[in-house]
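A.B. asks: Just dropping this structure here.
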Amino acid sequence: MSCSRLQLTLAILKPDVTARPHIVKEIKSMILRKKFYFVESKKMKLAQSEIETFYKEHEGKFFHNRLVNFMNSGSIWAHILAREDCIKEWRKLMGPTKVLKTVFEEPNSIRGKFGLTDTRNCTHGSDSEETAKREIKLFFPEFDEEKWRANDEDYFI
Ligand code: RTP
Ligand code: MG
């Protein structure tokens, strides 16, 4: 299989999801049904400082503290996903940020089905290729994209 047309993104299942294991299972099935590959996966508990680094772009916004406390409230699943048009397609599968908009406009998206509030909204997805590279490095410093692009057979067993 050639990896050249596949784009990568960082996908996170947030603590509201990991607290509900049956939903973790359902979301992973939704991801596979939409033909994403799971390239790397890990369950982890982020330190406060890591959350603050990750969400630096939102510093000063009214929801920043709420967001940091939420992400600190439990463990997360971090995944590197691969697909054609992965960044756009993953954000489409997640659905809009705001829970009300999601429920009315994208009820079959992950957030439409399982989102609780504007903050407790199930998932994160990188918003550009540049962001994806930075976020993947932050969560999977050991991941070697070049080696993966070279189609190391370890990735597709
Ligand atoms: P994400 O970064 O998690 O993929 O989601 P996004 O692009 O759709 O949303 P963004 O605007 O980047 O906001 C990051 C996360 O902050 C929380 N948030 N809470 N009004 C609120 O309470 C509010 N607004 C945003 C959400 O968890 C959102 O995903
Ligand atoms: Mg965002």
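The values are calculated or read from the model by the stated rules, or taken from the named source; none is laboratory data. All of these numbers come straight from a predicted model, not from anything done at the bench. Using ideal geometry, Cβ is built from the backbone for each residue, glycine included, and neighbour counts are taken over all protein chains shown. Each accessible area value is taken on the protein alone, full model and side chains, heavy atoms only, with ligands, DNA and RNA left out. Shrake-Rupley method; radii C 1.70, N 1.55, O 1.52, S 1.80 Å.
A.B. asks: Within the range 75-124, report the trypsin sites (Lys or Arg not before Pro) that DSSP leaves as loop and that have at most 15 other Cβ atoms within 10 Å.
C.D. replies: Passing both the DSSP loop test and the Cβ count: LYS98.
A.B. asks: Among the trypsin sites (Lys or Arg not before Pro) in the range 1-52, which ones are in a DSSP loop with at most 14 other Cβ atoms within 10 Å of the Cβ? Mind listing them?
C.D. replies: When the trypsin sites (Lys or Arg not before Pro) of the range 1-52 are filtered for loop state and at most 14 Cβ neighbours within 10 Å, ARG5, LYS34, LYS35, LYS45 remain.
A.B. asks: Report the accessible area of THR123, computed with a 1.4 Å probe over the heavy atoms of all protein chains in place, in Å² rounded to the nearest 10.
C.D. replies: Here the accessible area works out near 0 Å².
A.B. asks: Next up: Can you sort LEU100, LEU93 by 1.4 Å-probe accessible area, starting with the largest?
C.D. replies: Reading off the accessible areas and sorting them downward yields LEU100, LEU93.
A.B. asks: Give me the distance between the Cα centres of the range 5-53 and the range 78-132, rounded to whole Å.
C.D. replies: 11 Å
A.B. asks: In addition: Per q in 0.22, 0.24 Å⁻¹, report the Debye log10 I(q)/I(0) for the range 56-112, using one uniform scatterer on each alpha carbon and no solvent.
C.D. replies: -1.09, -1.09
A.B. asks: Here's something else I'd like to know. Of all the accessible heavy-atom surface of the chain, with the other protein chains kept in place and a 1.4 Å probe, what percent is carbon and sulfur?
C.D. replies: Of the solvent-accessible surface of the chain, carbon and sulfur hold 51 percent.
A.B. asks: Could you state the accessible area per residue of the chain in Å², with a 1.4 Å probe and every protein chain left in place?
C.D. replies: Ligands and nucleic acids excluded, the result is 57 Å² per residue.
A.B. asks: Straight-line reach from LYS137: which aspartates and glutamates have a Cα under 14 Å away, not including same-chain ones fewer than 8 places off?
C.D. replies: GLU40, GLU50, GLU129, GLU145, GLU146
A.B. asks: Rank GLU59, GLU135 by accessible area, highest first, at a 1.4 Å probe radius?
C.D. replies: GLU59, GLU135
A.B. asks: Where a Cα-Cα gap under 17 Å defines reach, which aspartates and glutamates qualify for LYS61, not counting those fewer than 8 residues away within the same chain?
C.D. replies: Within the straight-line limit of under 17 Å, LYS61 reaches these aspartates and glutamates: GLU52, ASP118.
A.B. asks: Take the chain, drop everything but the C-alpha atoms, weight them equally and run the Debye formula without solvent; then report log10 I(q)/I(0) at 0.08, 0.13, 0.16, 0.18 Å⁻¹ to two decimals.
C.D. replies: -0.22, -0.59, -0.91, -1.15
A.B. asks: Ranked by accessible surface with a 1.4 Å probe, highest first, in what order do LEU6, LEU32 come?
C.D. replies: LEU32, LEU6
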